[in-house]
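Each remark here refers to the structure printed beneath this line.
Derivation of every value follows stated rules applied to the coordinates shown; laboratory data play no part. Computed from a predicted structure; not experimentally measured. Ideal geometry is used to build each Cβ from the backbone, glycine not excepted, and the neighbour counts take in all protein chains shown.
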Amino acid sequence: MAKILGILGSPHPYGGSGSLLRCALYAAEELGLTTEIIELYRGRIEPCIGCVQDEEPTCKYPCIFEDYGREILAKLKEAAGYVLATPVYWYGPSGPLKILIDRMTALENMVAFGEASYVEGKVVGVITVGADAGATLAGAYLLTVLNAMGAMIPPWAHAYSHRGKEALYDDRATMDAINVGRLVGGLILRLQGREGPLTYREDPELLQRIRQKVLEEKTRQEAHNGRDRTQVRGKSGS
C-alpha cells in the first residue's frame, strides 16, 4: 500500500505546523493511503558537507553519514509521497528541515551514477506557518527544490497560516491543509491507475471532523506524556 511521509520541521509536535500536517495526513488516510510522521527534532541529522561535484561524482545514496538523517533518507526513498510542514524561520524552513533537504541530494544525485533520481515521481505538498510573506516564500522554496529533484506537484499543494500555534483554528488554512493531503494522495492513486481526487474540496463537515481527530490525538498524547512524567518522578523518589 502506498505511503505518504509527513516530515515535521518543528520542535512542537502539535504546534501550528504539526497540527496542520496531521490534518493533511488524516485526509490522505481517508483515501486509503498509509501515513507516517517523522519529527526531525527527534534525532541528530548531520549537515551536508558538499560531497556532490561535477568533476567526479561522489555524492550518492545512502550518504556517508550513519545518523537519523540516513534513516529518513531510506524512508523517503521508499515512500510514494511526502508532505513537508515547517514553521517559518527568517523567510525559510527550519534549520533541521533545510539540513534534510541538503542531505536529500544523495537521493537526487543518483542521476550522476546512471540511475533516475530517487525523488523522481514522488508526489509532494508543503505546509508553512509563519508571519507575513515568509509563509509563501518558505513554501515556494520547498516546492521548487523538490520539483528540481524530480518530485511531482499536484494542484493546491501549499497550505499556510499566519496564526502560529493557533493555526489549527484558522479555518482557511485547515481546509487548505486537508486538501494538500487529499490531492497528494489523489495524484498518487492516479499514478497507480486508480481513482483519486485532483480538485479542491470545500467541506466544512470534513474540516470539523478532521480538526476534532487532531485535537483528540493531541489530548491522548498529552495524557500519555503526563503518565510518563509521573512514572519518572515515582522512580526517582523510590
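Using a Förster radius of 25 Å, what is the FRET efficiency between LYS165 and GLU30 based on their Cβ-Cβ separation? Nearest 0.05, please.
0.45
Select from region 155-208 those chymotrypsin sites (Phe, Trp or Tyr not before Pro) which occupy a DSSP coil region and have at most 16 other Cβ atoms within 10 Å, ordered by residue number.
Passing both the DSSP loop test and the Cβ count: TYR200.
With 10 angstrom as the radius, rank ILE64, ILE7 by how many other C-beta atoms surround their C-beta, starting from the fewest. Could you put the intermediate results ahead of the total?
Details: ILE64 14, ILE7 28.
Ascending Cβ contact count within 10 Å gives the list ILE64, ILE7.
Where the centroid of each part is defined by its Cα atoms, how far is region 121-137 from region 140-204 in Å?
Between the Cα centre of region 121-137 and that of region 140-204, the gap is 10 Å.
Please find the FRET efficiency linking GLN208 to TRP90, where r is the Cβ-Cβ separation and R0 is fixed at 35 Å, and quote it to the nearest 0.05.
Calculated transfer efficiency: 0.55.
Count the DSSP beta bridges whose two residues both fall in the chain, then state the antiparallel fraction as a percent rounded to the nearest 5.
5
Let me have the 222 nm mean residue ellipticity of the chain computed from DSSP H runs of 4+ only, each contributing -39500 (n - 2.57), with the sum over all residues rounded to the nearest 500.
When only DSSP H runs of four or more count, the value is -15000 deg cm²/dmol.
Compute the distance in nm between two label points, each set 7 Å from the Cα along the Cα-to-Cβ direction, one at ARG44 and one at ASP67.
0.7
Quick one: P(r) of region 3-236 from all Cα-Cα pairs, 10 Å bins, percents rounded to integers, in order of increasing distance.
That works out to 8, 32, 34, 18, 6, 1, in percent per bin.
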